[in-house]
Amino acid sequence: MKQRQFEALNASQWQDMETLLDQLEAVRQQAVPDHPAVRDFPQRYRRICHQHALAIERGYSLALVDRLNSIILRGRRQLYRFRLPVAGPLRELLLAGFPRAVREQGAWNLASAGVFLFSLVLVWALVSWRPEMVYALLDEQSVSTMESMYDPASSLAEDRDGSDDVTMFGYYIYNNIGIAFRTFAGGLFFGIGALFIMFFNGGYFGAVAGHLVNVQHHEPFFTFVIAHGAPELTAIVLAGGCGLRLGWSLIAPGPRTRLAALKDAANQAMPVMYGVFFLLLAAAFIEAFWSPRDLPAAVKYSVGGTLWVGVLAYLLLAGRRWGARHAD
Amino acid sequence: MIDERLRLRTPEGAQLTLVPAGIMPRLVAFAIDMAIRIAIYIAAAIVLGLFKSISGGLMLILIFLLEWFYPVLFELFMHGQTPGKRTMGLAVVHSDGSPVTANGSIVRNLLRTADMFPVFYLAGFLSMLVSRRFQRLGDLAADTLVIHLDQGRRPETSVHVPERAPDWPVDVQDQQTLVAFLERGQALTPERRQELARIVYPELPDQDAERQALGVARHLLGDT
């Protein structure tokens with residue numbers, strides 16, 4: 001069959017398909033028009049795949065092959081398009097998927113926590129031993145801001161009102177979740193970026209804590225950080241774990257290409273990153289609306305302690321299959 | 001083939017050709033998206049200015065959401081195209097040509113920070129230069145590509161030469177070459193066209209060789 005005959009025979013199909021694709025691409029993805037043409041879309045799509053193969057085989061012109069190629073490409077993007085995950089997958093993720101994924105990469109999380117705690121303890125010890133060392137790590141102005149912020153004589157709640165809480169909530173979301181995402185991305189450079197951020201944050205926390213203990217301001221500080229620290233520090237450590245995992249997949253890909261190992265690592269780390277996002281959201285909420293409240297230290301320590309136990313228990317226990325007897 | 005086209009087979013048996021987008025169109029698309037985000041920030045700043053007490057916090061949340069999730073939102077709900085990419089006729093797809101998934105889109109956009117390292121997307125730029133498919137680091141990890149959607153060659157074949165049958169057994173490759181000569185020859189200078197036609201009919205004078213080649217091409221197409 002000559003090309004012109006072939007075109008004359010099928011041109012109306014192609015035209016229809018192109019019109020239909022224009023319509024499908026114009027509407028938002030959720031609102032699919034209930035049109036007969038949409039119902040037999042797969043058949044039309046397969047027919048054009050077939051015609052495309054024929055066109056190549058018979059040596060028809062590049063323009064025709066390109067046109068069919070473009071229809072197939074667009075059709076494929078409609079046929080396999082993304083559907084909005086409803087509440088189901090999200091609940092699955094929070095109840096089981098996230099803690100499972102965390103345990104599955106336990107070694108990386110421990111490594112990340114190790115780096116964080118190592119630099120925290122190191123710097124804390126250094127600052128306790130030589131108090132002036134804090135000025136080697138933080139500049140003078142941030143030290144004095146820190147001191148006045150956690151001064152037991154002044155009260156945090158005094159000069160804060162509701163609008164400050166909202167501002168701080170926004171700030172914590174913007175800053176902390178950004179840090180977690182950057183830690184993850186930093187892992188792409190053979191894990192060095194993630195290591196650096198973990199080391200830096202651990203050291204920073206150690207310096208602040210050590211210094212505030214030195215100047216006897218520790219109680220306002222610890223009562224402030226203990227509650228939101230539970231989700232926040234955990235989440236940062238987990239993001240570091242994901243980053244290290246990415247990095248290690250490039251350093252030691254095993255029996256795969258580095259690229260394939262990286263893709264796998266990124267895909268498997270994603271449930272953890274989703275969970276990190278929710279943990280940090282919770283942390284920002286607690287940090288903005290609960291942590292600055294002026295309450296007896298005992299209350300704040302017990303609430304904070306409960307949160308720590310809760311977060312760790314959630315990560316360690318949720319989503320385990322307990323066997324038939326405890327099936328939930 | 002030495003061009004950047006990517007050939008793959010789909011489960012439907014189609015041999016698809018993807019054309020990965022290079023740095024310039026992606027840069028323009030990025031600039032358009034950036035301009036849109038800035039416009040949103042300015043509008044938001046004006047609107048939020050009415051609620052002074054909480055505007056700072058809401059603004060920060062908005063910046064967070066737009067900077068990290070603006071591309072994710074559009075890639076998932078607008079067929080893999082942010083407004084900038086739509087303007088440029090680009091789209092994000094997985095390397096097997098299927099539309100980008102939620103995971104894929106989020107991976108490639110979270111890892112954007114690594115591409116920005118150390119300044120001005122230098123890491124992503126280098127990665128795109130090295131990668132055969134113009135992938136930045138986030139694309140590599142998410143297994144995604146940015147492709148040109150419309151490969152848009154709609155040539156005019158308004159050549160008026162009488163068609164004539166070939167005087168040799170034409171194989172598929174000859175046919176493709178001649179038809180391409182007919183369809184794309186108009187973009188070349190007459191001298192270059194004649195030079196090419198001389199390969200087909202070295203024994204004829206250039207003018208005749210071109211007419212002869214075009215006539216055979218029309219015959220092969222089935223023009224009457």
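What do you get when you divide the Cα radius of gyration of region A:224-328 by 2.2 N^0.38 Å, with N the number of residues? Don't jump to the answer; show the numbers that get you there.
Details: Rg = 17.8 Å, N = 105, 2.2 N^0.38 = 12.9 Å.
With N residues counted in region A:224-328, Rg over 2.2 N^0.38 Å equals 1.38.
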Practice problem: Please check which bits of region B:59-87 a label hung off A:Tyr80 would reach, taking the label as a point 7 Å along Cα-to-C-beta and the cut-off as backbone N under 19 Å. | Solution: B:75-81
Quiz item: What's the angle, to the nearest 10 degrees (0 to 90), between helix A:41-57's Cα axis and the longest principal axis of chain A?
Solution: 70
Quiz item: Can you pull the Kirkwood radius for region A:88-321, inverse mean 1/r over Cα pairs, to one decimal in Å?
Solution: 18.7
Quiz prompt | Dipole in debye (nearest 20) - region A:247-325, about Cα centre, beta carbon charges: Lys, Arg +1; Asp, Glu -1 | solution = 400
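Under a Cβ-Cβ cut-off of 14 Å, what is the net charge of the residues other than A:Ala227 that fall near it, where Lys and Arg count +1 and Asp and Glu count -1? Write down the numbers at each step before the final one.
On the way: positive: A:Arg293, A:Lys300; negative: A:Glu232, A:Glu287, A:Asp294.
Value of the local net charge: -1.
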Quiz item: Using Cα pairs under 8 angstrom and six or more residues apart, how large is the relative contact order of region A:88-321, in percent?
Solution: 35
Self-check item: Per principal axis, descending, Cα span of region B:6-148 in whole Å
Solution: 59, 33, 24
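Please get the size of the charge dipole for chain B, origin at its Cα centre, with Cβ charges of +1 on Lys and Arg and -1 on Asp and Glu, quoted in debye to the nearest 20.
That gives chain B a dipole magnitude of about 1040 debye.
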Practice problem: Mind telling me which of A:Ala125, A:Ala235, A:Ala53 comes out most flexible in a GNM of chain A, alpha-carbon contacts under 10 Å? | Solution: A:Ala53
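Taking Cα pairs under 8 Å and at least six residues apart, what relative contact order does chain B come out at, in percent? Let's see the in-between values first.
Values: 267 pairs, mean separation 37.5, N = 224.
Contact order relative to length: 17 percent.
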Self-check item: Cα-Cα pairs of region B:94-224 separated by more than 24 Å (percent)
Solution: 52
Quiz item: Which angle between 0 and 90 degrees, to the nearest 10, do you get for helix B:206-221 versus the longest principal axis of chain B when only C-alpha atoms count?
Solution: 70
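Give me A:His211, A:His217 ranked fewest to most by other Cβ atoms within 10 Å of their Cβ, as a rough exposure proxy.
Values: A:His211 26, A:His217 19.
Fewest to most other Cβ atoms nearby, the residues stand as A:His217, A:His211.
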Quiz prompt | Residues of region A:258-273 with amide N under 14 Å of a point placed 7 Å along Cα→Cβ from B:Asn103 | solution = A:261-273
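Chymotrypsin sites (Phe, Trp or Tyr not before Pro), restricted to region B:84-166: which are DSSP loop and have at most 10 other Cβ atoms within 10 Å? Spell out each step's value before the answer.
Numbers: sites: B:Phe120, B:Tyr121, B:Phe125, B:Phe134; in loops: B:Phe120, B:Tyr121, B:Phe134.
Answer by residue number: B:Phe120.
What are the trypsin sites (Lys or Arg not before Pro) within region A:61-126 that DSSP puts in a loop, where the Cβ has at most 11 other Cβ atoms within 10 Å?
Of the trypsin sites (Lys or Arg not before Pro), the ones in loops of region A:61-126 whose Cβ has at most 11 other Cβ atoms within 10 Å are A:Arg83.
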Practice problem: Please express the shape of region A:3-79 as an equivalent ellipsoid: the semi-axes are the square roots of 5 times the eigenvalues of the C-alpha gyration tensor, given largest first in whole angstrom. | Solution: 24, 12, 10
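How high is the relative contact order of region A:3-79, in percent, with contacts defined as C-alpha pairs under 8 Å that are six or more residues apart?
Details: 32 pairs, mean separation 31.1, N = 77.
The value is 40 percent.
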Self-check item: Nearest 10 degrees, 0 to 90: helix A:140-149 Cα axis against chain A principal axis
Solution: 80
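Give the range of the longest stretch in chain B that excludes all GluC sites (Glu not before Pro) found in loop regions by DSSP and having at most 11 other beta-carbon atoms within 10 Å. Walk me through the intermediate numbers first.
On the way: sites that count: B:Glu156, B:Glu203.
Looking at chain B, B:1-155 is the longest stretch - no exposed GluC sites (Glu not before Pro) with at most 11 other Cβ atoms within 10 Å.
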Practice problem: Please give the net charge around A:Arg320, taking every other residue with its beta carbon less than 9 angstrom from that of A:Arg320, where Lys and Arg add +1 and Asp and Glu add -1. | Solution: +3
Quiz prompt | Sites A:Ala318 and A:Asn267, calculated FRET efficiency, Cβ-Cβ separation with R0 25 Å, nearest 0.05 | solution = 0.70
Practice problem: Please report, to two decimal places, log10 I(q)/I(0) for region A:197-240 at q = 0.23, 0.26 Å⁻¹ as given by the Debye formula with identical point scatterers on the Cα atoms and no solvent. | Solution: -0.84, -0.96
Practice problem: Treating only the Cβ atoms of Lys and Arg (+1) and Asp and Glu (-1) as charged, compute the dipole magnitude of region B:105-224 about its Cα centre; round to the nearest 20 debye. | Solution: 720
Practice problem: Taking every Cα atom in region B:172-221, find the radius of gyration and the maximum pairwise distance Dmax, and write them in Å. | Solution: 9.8, 26
Quiz item: Taking the C-alpha atoms of the protein assembly as shown, how large are the radius of gyration and the largest Cα-Cα span, Dmax, in Å?
Solution: 30.7, 104
Quiz item: If we count every other residue with Cβ under 13 angstrom of B:Met88's Cβ, Lys/Arg +1 and Asp/Glu -1, where does the sum land?
Solution: +1
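Any read-out appearing in this document is the output of simple, stated calculations on the displayed coordinates, not a laboratory observation. Computed from a predicted structure; not experimentally measured. A quick note on method: Cβ atoms are made from the backbone with ideal geometry, for glycine too, and the neighbour counts reach across all protein chains shown.
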